[in-house]
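J.: Starting off with a structure, shown below.
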Amino acid sequence: MFDTLSDRLTAVLQNLRGKGRLSETDIDTTAREIRIALLEADVALPVVRSFIAKVKDRAKGAEVSGALNPAQQVIKIVNEELVAILGGETRRLNLAKTPPTVIMLAGLQGAGKTTLAGKLARYLKNQGHAPLLVACDLQRPNAVTQLQVVAERAGVAVFAPEPGNGVGDPVDVATRGVEEARRSQHDIVVVDTAGRLGVDEELMRQAADIKAAVAADEVLFVVDAMIGQDAVSTAEAFRDGVGFTGVVLTKLDGDARGGAALSVREVTGAPIMFASNGEKLEDFDAFHPDRMASRILG
Ligand code: GDP
């Protein structure tokens, strides 16, 4: 039993030192190890297949150069392909030409949206922006209070519906929130929206309505990395029902393997932009494809 993909590859390829080129058998054996490791990392099967096809293709043509032994050569190819599939470069936020930039968060309940809203606000504030959080999760009891708590921790302002007016209409709150940002010179608005335990039509419609009403510059699909392969079907539902411009992976502190990252990126084509890795506001960073590739490779 080998712990990491690079250990596995090194082990199966250790006898090949000095050969000029990898044989078909060597490549097949290697592909099998990669397949097992990726499936164990919860990468969706179609993604595993297309990934292996790419790696095999490149490995076939690869000369085993003097500097790298066959295992190192294959590990280099796997690493490069992982970085490519994860998006290559870190994608930055798309800021509106005329502020405020509107960033909307969407995802299932419990994905970590409200926590993320605080993290993102803190991150943006540290970059010199003046974010305003807008509380549009009016379904979950306490979601508004929770947003106010994270905002206070992050030291940023919140726009929330006035208490005592019933549940309120999230589309209306979002629209008024953006107006408030314009009035009070906030250059970025982060709109927290409601989630459900499972995907449902009403949730999708509400999120799509908010997106249209505020003309969101970025819609970030927030997904718990721990849900593994379910991340793919959830991402597809949000892609079709709402549409999103980027992905945020949360709870990466609990998922050592990162299969969700690979699958969601490959299946939806949307870039992974941020990574959340803990409950504290500072447990957050831009997503770095090369770091995630190293984590998957081990
Ligand atoms: P929402 O329903 O999407 O708004 O999700 P919340 O922001 O309320 O988060 C749900 C739970 O996940 C809370 O207990 C958070 O503290 C926790 N959580 C959020 N992000 C992370 C993370 O990156 N790592 C860990 N370990 N927990 C997180």
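The values are calculated or read from the model by the stated rules, or taken from the named source; none is laboratory data. From a predicted model like this one, the values you see are computed outputs, not experimental measurements. We place every Cβ from the backbone using ideal geometry, glycine too, and count neighbours over all the protein chains shown.
J.: Within the range 95-141, count every residue that is more than 12 Å from the ligand (Cβ to nearest atom) and surrounded by fewer than 23 Cβ atoms within 10 Å (Cβ to Cβ).
T.: Residues meeting the conditions: 16.
J.: Is one or more of the residues making up the range 143-157 outside any loop (DSSP other than H, G, I, E, B), over 22 Å from residue 285 (Cβ atoms), touching an Asp or Glu at 6+ places or on another chain (Cβ under 6 Å) and modelled with pLDDT under 95?
T.: So far as the range 143-157 goes, yes, one or more of its residues are outside any loop (DSSP other than H, G, I, E, B), over 22 Å from residue 285 (Cβ atoms), touching an Asp or Glu at 6+ places or on another chain (Cβ under 6 Å) and modelled with pLDDT under 95.
J.: Yes or no: the range 205-219 includes at least one residue that is of a type outside the set (Gly, Ala, Ser), surrounded by fewer than 24 Cβ atoms within 10 Å (Cβ to Cβ), within 24 Å of residue 121 (Cα to Cα) and within 14 Å of the ligand (Cβ to nearest atom).
T.: No.
J.: Follow-up question, since we're still on this one. Go through the range 247-290 and give me each residue that's within 10 Å of the ligand (Cβ to nearest atom) and surrounded by 20 or more Cβ atoms within 10 Å (Cβ to Cβ).
T.: Passing the criteria: 248, 249, 250, 251, 252, 255, 275, 276, 284.
J.: Here's another thing I want to ask about it. Please state which of the following conditions residue 238 fails to meet, knowing it meets all the rest: (1) within 24 Å of residue 100 (Cβ to Cβ); (2) in contact with an Asp or Glu (Cβ under 8 Å, 6 or more places away or on another chain).
T.: That leaves (2) as the condition not met.
J.: Collect the residues in the range 187-238 that are β-branched (Val, Ile, Thr), part of a helix (DSSP H, G or I) and at pLDDT below 95, keeping them in residue-number order. Before you say what the answer is, go through the steps one by one.
T.: Residues of the range 187-238 β-branched (Val, Ile, Thr): 188-191, 193, 199, 210, 214, 219, 222-223, 227, 232, 234.
Filter once more, so that each one left must be part of a helix (DSSP H, G or I): 210, 214, 227, 232, 234.
Result: 227, 232, 234.
J.: Working only within the range 56-94, note down all residues that are surrounded by fewer than 16 Cβ atoms within 10 Å (Cβ to Cβ) and either of a type in the set (A, V, I, L, M) or more than 20 Å from residue 12 (Cα to Cα) (or both).
T.: Once the filter is applied, which keeps residues that are surrounded by fewer than 16 Cβ atoms within 10 Å (Cβ to Cβ) and either of a type in the set (A, V, I, L, M) or more than 20 Å from residue 12 (Cα to Cα) (or both), the range 56-94 yields 67, 68, 84, 88, 89, 92, 94.
J.: If the requirement is being crowded, with 18+ Cβ neighbours inside 10 Å and over 21 Å from residue 170 (Cβ atoms), which of these qualifies: 225, 181, 194?
T.: On the way: 181 fails: over 21 Å from residue 170 (Cβ atoms); 194 fails: over 21 Å from residue 170 (Cβ atoms).
So the residue among 225, 181, 194 that is crowded, with 18+ Cβ neighbours inside 10 Å and over 21 Å from residue 170 (Cβ atoms) is 225.
J.: In addition: How many residues are in contact (Cβ under 8 Å) with a residue 40 or more places away in the chain and either surrounded by fewer than 17 Cβ atoms within 10 Å (Cβ to Cβ) or among the polar types (S, T, N, Q) (or both) when one looks only at the range 142-157? Break it down into steps so the answer makes sense when it comes.
T.: Within the range 142-157, the first condition is being in contact (Cβ under 8 Å) with a residue 40 or more places away in the chain, and the residues that meet it are 143, 147, 150, 153-154.
From what is left, the residues that are either surrounded by fewer than 17 Cβ atoms within 10 Å (Cβ to Cβ) or among the polar types (S, T, N, Q) (or both) are 153.
Of the residues in the range 142-157, 1 are in contact (Cβ under 8 Å) with a residue 40 or more places away in the chain and either surrounded by fewer than 17 Cβ atoms within 10 Å (Cβ to Cβ) or among the polar types (S, T, N, Q) (or both).
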